[in-house]
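Only one structure is covered here, and it is reproduced in the block below.
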Amino acid sequence: MLKNVKTGEKGRIPRVTRFHLRNLDVFPNTVLSPMDGVTDAPFRRLCRVLSGNRMGLLVSEFVPTDGDAVFNLEGHKQLRFFPEEKPFGVQIFGRFPDKMAAAAVKIAGALKPDYIEVNAGCPAPKVAGKGSGSGLLRDLPRLQEILHDVRTALDQNGLDLPLTLKCRIGWDSESINVMETLAIAEGEGVEMLTVHGRTRLQGYNGLADWDWIGKVAAAAKIPVIGNGDVNSVARAFDCIENYGVAGVAIGRCAMHNPWIFGQIADAWEGKPAHVITAAEALDVFKLYYGFKIEDGSTDKGAEGRLKQLAARLCKGFCLDGADSGLAGADDVAMQVRQELLSSSCAAELLERAESLKQGIARDLKFDPDRLANLNGAKETEIKYGDQFKGR
Ligand SMILES: Cc1cc2nc3c(=O)[nH]c(=O)nc-3n(C[C@H](O)[C@H](O)[C@H](O)COP(=O)(O)O)c2cc1C
C-alpha cells in the first residue's frame, strides 16, 4: 500500500517525461485535472502563466449533456477557452448515448478542441446517482454504448480528434472494475485513460489506490494517466517511476500550489527547483483577480474565487528558518489565511495581501510541499470510506 510520503530524490528525472496523445507530443507529462467550480479559464490561465507555459494538457470543467433537448453551445460557460490554452480537451458527462454523441459533435465541430473526454468519475449524488459520471461504472454496457456512439458520431462527421476517458477504479471496494473499463475503452477507440485511484463510494476520503492505477498502466496499450493525491514534484516522480503511468493528472494540489506544473517542468528539464517566496505567493491573488475580471467575472464572483484559492494556498505558509513541520508553523498559516478570508471584498483582500507582504510575510516562507495530504484530513492510508453510501 502506498503511503503518502515524499521519496523522490531531488534532481532525479523519471524515465518518462512526455507522452503522445495521438500526434500531440505532451511535455511535461502533466494534466491539470478538471475541477468543476475551480478550473475555469482564468484558473487555467493562472497555472499556465505560473508554469512558464509548460503544462501538458488542459481540460474544461465537465459539461452536462443530459439537460438540453438539443445541446446548446451558448448555454455552457465551461466551454470557454483561450487559443493559448491548447492543447485543450473538453470533458462531457451524461447518461444518454445519443445526447453525449450530439454534444461531442457540436463541441468538436465548433470549438476544435484537441480531444473530447467522457467523464465516468464524478461521485456527486446528483450526477452519479442518476447514472452519469461514476454512475456509469455500475453500468459498463451503457458506458460502452456512450463511447461507441461518441466515437462513431465524431467519425461520421469527419471530426478526427482523439476521444479520451476519465474514470474511477470502480463503484465500491466490492466492485472494482477498472480493468474491464480499460478493455471497453480500448475496444471503442479511446486513446487515453485517466484513472482516479478511488472508488465512487470513497468520494475523496483516504488516499488513492495507486496499486490499481499501476495494474491498469501495465495492461494498457493506450497512455494511462494516474490521478489522486499527487501533491509535489517528488510525488509526481514516484508515481511515474513506480506505477508505470504515462503521466499524472493533478487537481487539488494546483489550488495549494499553482506553480506545481512549472516545478515539474523544471525538474524534468534538469533545472534547479524554483523556490517560491512568501511575497511571490501573495502576489498570485492580484494576478488571478486580473484574469477573473478580464474574463468578465463580477467583483463578487472574483472575490469568491480569490478566497477559494486563499483557503488552500495559505496552508503553505510557515515560519522561515523553522522546520515547517514544527508546531506553531500551522498557526502562522492560519493567521495569514484568516486575514485574507475575513476581507469584506476583493479590493480589501488584495490590500491585505499587499500589507502582509510588507509585514508578517517577511518572516514567512512558502512551502506547499509540507502538506501531508490534499483532503484536509490527517489520513495517511487508503480507506474505502462510505461518504456517499445510500446516495
Ligand atoms: C471541486 C472539485 C471538482 C471536480 N470536478 C471534476 C470535473 O468536473 N471533472 C472530473 O473529471 N473530475 C472532477 N474532479 C475530480 C478531480 O479532477 C480529480 O480527479 C480528483 O480531485 C483527484 O485528484 P487530486 O487528488 O489531484 O485532487 C473534481 C474534484 C474537485 C475537488
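Among the listed residues Gly226, Gly262, which satisfies the condition of being touching a Gly at 6+ places or on another chain (Cβ under 8 Å), over 16 Å from Leu374 (Cβ atoms) and in the same structural domain as Ala208 (by TED's automatic domain parsing)? Show your work before the answer.
Values: Gly226 fails: over 16 Å from Leu374 (Cβ atoms).
Criteria check complete, one pass: Gly262.
Here are the criteria: (1) among the polar types (S, T, N, Q); (2) in contact (Cβ under 8 Å) with a residue 40 or more places away in the chain; (3) in a loop (DSSP other than H, G, I, E, B). Tell me which single one Gln91 does not satisfy.
The failed condition is (3).
Any idea which of Gly203, Gly244 is within 15 Å of the ligand (Cβ to nearest atom), out of contact with any Ser or Thr (no Cβ under 9 Å at 6 or more places or on another chain) and at positive phi?
Numbers: Gly244 fails: within 15 Å of the ligand (Cβ to nearest atom).
None of the others qualify; the one that does is Gly203.
Hey, among Asn72, Asn4, which residue is surrounded by fewer than 14 Cβ atoms within 10 Å (Cβ to Cβ), modelled with pLDDT under 95 and among the polar types (S, T, N, Q)?
Working: Asn4 fails: surrounded by fewer than 14 Cβ atoms within 10 Å (Cβ to Cβ).
Exactly one residue qualifies, and that residue is Asn72.
Looking at (1) assigned by TED's automatic domain parsing to the domain that holds Ile222; (2) under 24 Å from Val195 (Cβ atoms); (3) part of a loop (DSSP other than H, G, I, E, B), can you tell me which one Asn53 breaks?
(2)
Find the residue count for the stretch 52-65, including only residues that are out of contact with any helix residue (DSSP H, G or I) (no Cβ under 6 Å at 6 or more places or on another chain) and within 16 Å of the ligand (Cβ to nearest atom).
Step one: filter the stretch 52-65 for residues out of contact with any helix residue (DSSP H, G or I) (no Cβ under 6 Å at 6 or more places or on another chain), giving 53, 56-57, 59, 62, 64.
With the extra rule that they be within 16 Å of the ligand (Cβ to nearest atom), the set shrinks to 56-57, 59, 62, 64.
Counting residues in the stretch 52-65 that are out of contact with any helix residue (DSSP H, G or I) (no Cβ under 6 Å at 6 or more places or on another chain) and within 16 Å of the ligand (Cβ to nearest atom) gives 5.
Filter the stretch 66-91 for residues that are within 13 Å of the ligand (Cβ to nearest atom) and of a type in the set (Val, Ile, Thr) and give the result.
Val90
Can you tell me which residues in the stretch 112-153 are touching a strand residue (DSSP E or B) at 6+ places or on another chain (Cβ under 7 Å) and either among the β-branched types (Val, Ile, Thr) or part of a helix (DSSP H, G or I) (or both)?
Keep residues of the stretch 112-153 that are touching a strand residue (DSSP E or B) at 6+ places or on another chain (Cβ under 7 Å), which gives 113-122, 127, 132-134, 136-137, 143, 146-147, 150-151.
Selection gives Ile116, Val118, Val127, Gly133, Ser134, Leu136, Leu137, Leu143, Ile146, Leu147, Val150, Arg151.
Evaluate the following for Asp299: is it at pLDDT below 95 and of a type outside the set (A, V, I, L, M, F, W, C)? Show your work before the answer.
Numbers: at pLDDT below 95: no; of a type outside the set (A, V, I, L, M, F, W, C): yes.
Considered against the rule, which asks whether it is at pLDDT below 95 and of a type outside the set (A, V, I, L, M, F, W, C), Asp299 comes out as no.
Which residue out of Pro141, Pro125 is within 16 Å of the ligand (Cβ to nearest atom), surrounded by fewer than 17 Cβ atoms within 10 Å (Cβ to Cβ) and over 20 Å from Phe71 (Cα atoms)?
Values: Pro141 fails: within 16 Å of the ligand (Cβ to nearest atom).
One residue alone meets the criteria, Pro125.
The values are calculated or read from the model by the stated rules, or taken from the named source; none is laboratory data. On a predicted model such as this, the values are computed, not experimentally measured, just so you know. All Cβ positions, glycine included, derive from the backbone under ideal geometry; neighbour counts span all protein chains shown.
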